[in-house]
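Q: Structure incoming, see below.
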Amino acid sequence: MKRALAGLLVAAAGVAWYAYPAAEPPAPVAHVVAGDKGDGLADTSFDGPMVRRRAAIAIHPAPGADRGAIARELRELAAEAKIGTLTDATFAVFSEDMLEYLVPEMTFVLDEGARVYDAEAFMRDHQPASIAFYLVQPVLVHDLTFCVVPAAGVTPRQVSDRQDTEGVLSDSLGGYVTDVQADGVTVRYFGAVLGDTQIAAVRESMARAAGVPPDRVHVEANLPGPGVDLSHGVPDLSDEKHGH
């Protein structure tokens, strides 16, 4: 089972903000972090490499604008500007303070290592006319994978179908990517920091689908490196001010 799990993992392998007008741990300890659903607090013990610091762009399209066209144009511009990939995310990645000001209709998160300054400069220099307003903010996101090897007699395809039919993953994660492999199933999640209750609900759903106990559903980081330690609370992200 350990060998199959390793195969699955290899395959799966107070905040400053800026407004611009148009122009499984060994002994988990829950930490309080902001942004479970964008409007409250989450308790998470799944920090460290699973939690990453990113730059995010909140977008309010102009009236009547085509969101799909905006996304395509921004991604083309990002490729030309060599700023990296723009990953879709929900508004829940942003701080509660920012969401009191604006709930964006579109959200993009930049790649690991890209700074708020980079996102600001990109939008300042390449803002499409179809975008009426945007905000740039440093955020914390969860970037992790759930993986399970099913019990004997249960196929990975059955696991995927069962968990999708039950709907707990959609309710708890919103967006996710399922990969059905020969030995098991992985579910990758990228987005707002999840509370332990949400992660537990996902593990229990996948376990039911696979016919195994919830502790057989493993949660692993998608990226190497230390990530963000939340044992002392949310780190100060306000050091990314650039004259605004």
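The values are calculated or read from the model by the stated rules, or taken from the named source; none is laboratory data. Quantities reported herein were computed from a predicted structural model and do not represent experimental measurements. Here Cβ is always computed from backbone atoms with ideal geometry, including for glycine, and neighbour counts include all displayed protein chains. What goes into the accessible areas is simple: the full protein's heavy atoms, side chains included, and nothing from ligands, DNA or RNA. Shrake-Rupley method; radii C 1.70, N 1.55, O 1.52, S 1.80 Å.
Q: Which members of the range 115-135 meet the condition of being assigned to a strand (DSSP E or B), among the hydrophobic types (A, V, I, L, M, F, W, C) and closer than 15 Å to ALA55 by Cα?
A: If the condition is that a residue be assigned to a strand (DSSP E or B), among the hydrophobic types (A, V, I, L, M, F, W, C) and closer than 15 Å to ALA55 by Cα, then LEU135 is the only one that fits.
Q: Return the total of residues in the range 118-127 being closer than 16 Å to THR107 by Cβ and either β-branched (Val, Ile, Thr) or touching a Leu at 6+ places or on another chain (Cβ under 7 Å) (or both).
A: The qualifying residues number 1.
Q: Checking GLY38 against (1) over 14 Å from the mean Cα position of the chain (by Cα); (2) open to solvent by less than 30 Å² (accessible area, probe 1.4 Å); (3) modelled with pLDDT under 60; (4) not polar (S, T, N, Q), which test does it fail?
A: (1)
Listed here are the residues, each with its yes/no results for (1) among the basic types (Lys, Arg); (2) in contact with a His (Cβ under 6 Å, 6 or more places away or on another chain); (3) farther than 18 Å from ALA119 by Cα.
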| residue | (1), (2), (3) |
| --- | --- |
| ASP43 | no, no, yes |
| ARG53 | yes, no, no |
| ALA56 | no, no, no |
| ALA65 | no, no, yes |
| ALA69 | no, no, yes |
| ARG72 | yes, no, no |
| ALA79 | no, no, no |
| THR87 | no, no, no |
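Q: Could you pull out the residue among VAL93, VAL154, VAL116, VAL148 that is under 20 Å from PRO61 (Cβ atoms) and among the β-branched types (Val, Ile, Thr)?
A: Going through VAL93, VAL154, VAL116, VAL148 in turn, just one is under 20 Å from PRO61 (Cβ atoms) and among the β-branched types (Val, Ile, Thr): VAL93.
Q: Report, ordered by the first and then the second residue, all pairs with beta carbons closer than 7 Å, sequence separation of six or more or different chains, a first member in the range 208-233 that is within 9 Å of PRO49 (Cβ to Cβ), and a second member that is assigned to a helix (DSSP H, G or I).
A: GLU220/LEU9
Q: Assuming GLY68 fulfils every condition listed in (1) in contact with an Asp or Glu (Cβ under 8 Å, 6 or more places away or on another chain); (2) open to solvent by 20 Å² or more (accessible area, probe 1.4 Å) apart from one, which condition is it?
A: (1)
Q: Does ARG157 qualify as being out of contact with any Lys or Arg (no Cβ under 9 Å at 6 or more places or on another chain) and not in a loop (DSSP other than H, G, I, E, B)?
A: yes
Q: Just to be sure before I move on: is GLN198 farther than 21 Å from ASP111 by Cα and under 19 Å from the mean Cα position of the chain (by Cα) in the structure I sent?
A: yes
Q: If you don't mind, there's one more thing I want to ask. Residue by residue through the range 197-215, note down the ones that are among the small types (Gly, Ala, Ser) and either in a loop (DSSP other than H, G, I, E, B) or in contact with a Phe, Trp or Tyr (Cβ under 8 Å, 6 or more places away or on another chain) (or both).
A: Selection gives GLY211 alone.
Q: Does the range 112-166 hold any residues that are open to solvent by 10 Å² or more (accessible area, probe 1.4 Å) and among the small types (Gly, Ala, Ser), and which are they?
A: Correct list: GLY113, ALA114, ALA121, ALA129, SER130, ALA132, ALA151, ALA152, GLY153.
Q: Among LEU194, LEU223, LEU169, which is part of a helix (DSSP H, G or I) and under 24 Å from VAL93 (Cα atoms)?
A: LEU169
Q: Additional query: Collect the residues in the range 95-118 that are modelled with pLDDT of 95 or more and of a type in the set (A, V, I, L, M), keeping them in residue-number order.
A: MET106, VAL109, LEU110
Q: Of the numbered conditions (1) within 13 Å of THR44 (Cβ to Cβ); (2) modelled with pLDDT of 95 or more, THR186 satisfies every one except a single condition; which is it?
A: Unmet condition: (1).
Q: Can you work out which of the residues in the range 77-111 that are assigned to a helix (DSSP H, G or I) and aromatic (Phe, Trp, Tyr) is surrounded by the most Cβ atoms within 10 Å (Cβ to Cβ)?
A: Out of the qualifying residues, it is PHE91.
Q: Follow-up question, since we're still on this one. If LEU169 passes every condition in (1) within 20 Å of the chain's Cα centre (by Cα); (2) open to solvent by 20 Å² or more (accessible area, probe 1.4 Å); (3) among the hydrophobic types (A, V, I, L, M, F, W, C) but one, which one does it miss?
A: With (1) within 20 Å of the chain's Cα centre (by Cα); (2) open to solvent by 20 Å² or more (accessible area, probe 1.4 Å); (3) among the hydrophobic types (A, V, I, L, M, F, W, C) applied to LEU169, the lone miss is (2).
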